Each structure stands twice: as C-alpha cells, then as structure tokens.
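Notes follow once the structure below has been shown.
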Amino acid sequence: MAALPKIIKDLFSLAVSHAASDLHLKAGRPALFRVGGELVAAEMAPLAATDLKELIDATLPERFRERWLATHQIDYALDCTDLNLGRYRVNAYVERGQLAVALRLVKSKPPTLAQLNLTLAPVMKAVQQGAGLVLVCGPTGSGKSSTLTAILQELNQQAAKHIITLEDPIEYTFTDEKASFSQREIGIDVPDFAAGLLAALRQDPDVILVGEMRDRDTFETALRAAETGHLVLSTLHAGTAQQAIQRLFEFYPPEQLPLAKRNISAGLKAVVVQTLVPRADGTGVLPASEVFIIDPLSRRVLADGQFEKIPDLVEAGGDFGSRVLNQDLGKMVRAGLITKTVAMTHSPNPKGLEMSLSGINFQSTRIVS
C-alpha cells in the first residue's frame, strides 16, 4: 500500500480515538464521523477531490482497479493496524460526478456475544444442533456482520468444526481455536457468493457463512446445503421476521412457491432481526433483537404460507426462545442501558411497550387455525 495522505491519516486517527463506527468522506465538505449512532462533522476545511483520489489510489488493491474504473463503485478491506489507524471496510463510489468514500471501522479481534450485549442463547442452541439455515437480518448498519462474527467465535471456542466463510470483504480475521477456519473473499479468492458456496460444498464444511443472500442461485444453494446436513449462516435486509421470510419467497416465481414453502419451512432454523439503539450514557449503541425460532408449529404455518401469522408465532413462542423486539427493549430500559424515550422511538408497538413497562402484560396463546 502506498503512503496515505496526511489529512486521511489524521481523520483515521480521530475515528479510532473517538470510537467512531463509520467515516464518511465526500469532496467539497468536511468529513463526517458516526459516533454513538449520530453523524458528527469534523472541524476542518472541506475535503478536496484530490484528497479522495489519493486515498483510493493509495489503498485500492490492484486487482480491483479495472472494476473500479468500469463501474465507479467498489468494496474492499483496508488494514492500517501497523500504523495504529485501525481496520476498515471501504466502499468507494461516485456521487454526482464527485468521489466519495464510506468507511466502516472493524475491530481486529472478533467480538463475543457478551461484548456485543447480545442474549441469543436460543439461537446458539439452534446453531449447536447443526444442520439448517440461520438468518441475521436488519437494515444496513445494524450490526448484522458483528453478530454473525460473534456466533462464529462462540463456535470457534466450543467445537471442532470446519467453518468456511464467504465475505465481501473479509472484516474480522479468525484465529483457529477448536474450529478450523477457511475465509474466502469475494472478488479475490472466489468470483461471487454462488460460486463460493458451490465450491464450499466440496470442501468438507460443517458450517458455512454466506455474507449476504443476494440472489436466487445463492439462496437455493444455501438451502440445499442446509438440507444436506450443513449449518448455513447468512444475512438479509429485512425489518421484521415476517418481512425476512416473505423476502425469501420473492426469489421464486409463483409456480415454484408450493415447493419453496416446503423446502424453506424444513430448512430454516432461526431468524434474528436487530436494530441498534443509543446507550443511555451516550457512549455508543446497543443491539436490540427480535428472535424467531422455527418450532414445529411455526414450521407447519410456513409450509402453509400463512405469513400473516408470523408476528403471533414470535410473540407466543417464548417457550422455544422466540421474542418480540419490545421484550428486548423493555429489558434494556429496566436495566438502565437505554432510555424509555429511545425505546419508544425504536419500538414497532409503542403502546404495547408502554403497557409492559407499566407492569401490564398479556400471555399470547399458541392457537393457530
């Protein structure tokens, strides 16, 4: 890697020292840091286009240069830990004819579920049981990759498994403990997720991480892997468990939906949908999660395509480990981790959360006609 421009070094140093999660650079305006979930402008002169060109020229891997010149958008990983300036997931793009770069800071050591303040014991139980598909969902920037990394790190500490990851780009580098990792980066080690997944099935895997379900070929291969004895972990952009599951069926034409319902209901093990909420002390953000464990009743409902019943299944599935987002938000308010105002803002059902915090709760039943 060529030498970084001084202004970029200074911005990276500020990002690390202020525990920023993201850094946004755009020609013609000061840099923006995301700290504690909020965007904060740096006190500086506007960035010049030459600053961003020098950053990209200095850090873009040569193998990506042709694609960058052809498409004007590119993802790659940047490791500046030797300069004490952190590691980054970089997305460079062109915006109204001007260069722009979004950088996500990535910690070098994979986090644990405890460090992320995630309570996912039912999900880990499903993961430890082996074969099946587990999805972690949420909007961009909701911490999906960190959650999956923490799940894999738990497995790394517990079981002698061969874990293959397909990532775009690789963010965390795992050190083999009990597990053996094979980490492959899209565009470098393998052309795309679908090709990497097909190859992974011939590499004796126990666990396969697919960074994102982007197309039908990838999803169908992942589902086939789950059906043939492998644990498959992946992400999907969705705001609720119902939305996530319905999105899976959007990969299929209408005439194939009956078979898809049977296959997905048989292969899916769990869906986690998370969002990030600001801490009460202003020191950052915490994940709050909806969890849907696919129990026998849920499997029958999905096979019948009764997606409108998923919210009730989640709410009534506590015996199997399912929970609605309000349960997580309420727990965090009671623990003083987040404020009630923040919880209400992020709740899909503020009235229900208000009643729960006031000590009024309803026990849902497991009746599905």
Filtering segment 128-157 down to residues that are in contact with a Lys or Arg (Cβ under 9 Å, 6 or more places away or on another chain), in a helix (DSSP H, G or I) and at pLDDT below 95 yields 145, 146
Please verify whether segment 47-56 includes one or more residues that are under 25 Å from the mean Cα position of the chain (by Cα) and either surrounded by fewer than 17 Cβ atoms within 10 Å (Cβ to Cβ) or not assigned by TED's automatic domain parsing to the domain that holds residue 145 (or both).
no
If we scan segment 245-268, do we find a residue that is in a strand (DSSP E or B) and closer than 25 Å to residue 154 by Cβ?
yes
Exactly one of 19, 31 is loosely packed, with under 13 Cβ neighbours inside 10 Å and small (Gly, Ala, Ser), and that residue is 19
Single match in 281, 328 (criterion: surrounded by fewer than 15 Cβ atoms within 10 Å (Cβ to Cβ) and of a type in the set (Asp, Glu)):
281
Does segment 96-108 contain at least one residue that is over 17 Å from the mean Cα position of the chain (by Cα), closer than 30 Å to residue 320 by Cα and among the charged types (D, E, K, R)?
no
Do we find that residue 192 is more than 23 Å from residue 81 (Cα to Cα) and without any contact (Cβ under 8 Å) to a residue 60 or more places away in the chain in this structure?
yes
Do any strands (runs of 3 or more DSSP E) entirely within segment 11-71 hold 3 or more residues that are modelled with pLDDT of 95 or more and under 12 Å from residue 102 (Cα atoms), and if so, which?
22-26
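The values are calculated or read from the model by the stated rules, or taken from the named source; none is laboratory data. No experiment lies behind these values; they were computed from the predicted model shown. Don't worry about glycine lacking a Cβ; one is built from the backbone with ideal geometry, like all the others, and counts go over all protein chains shown.
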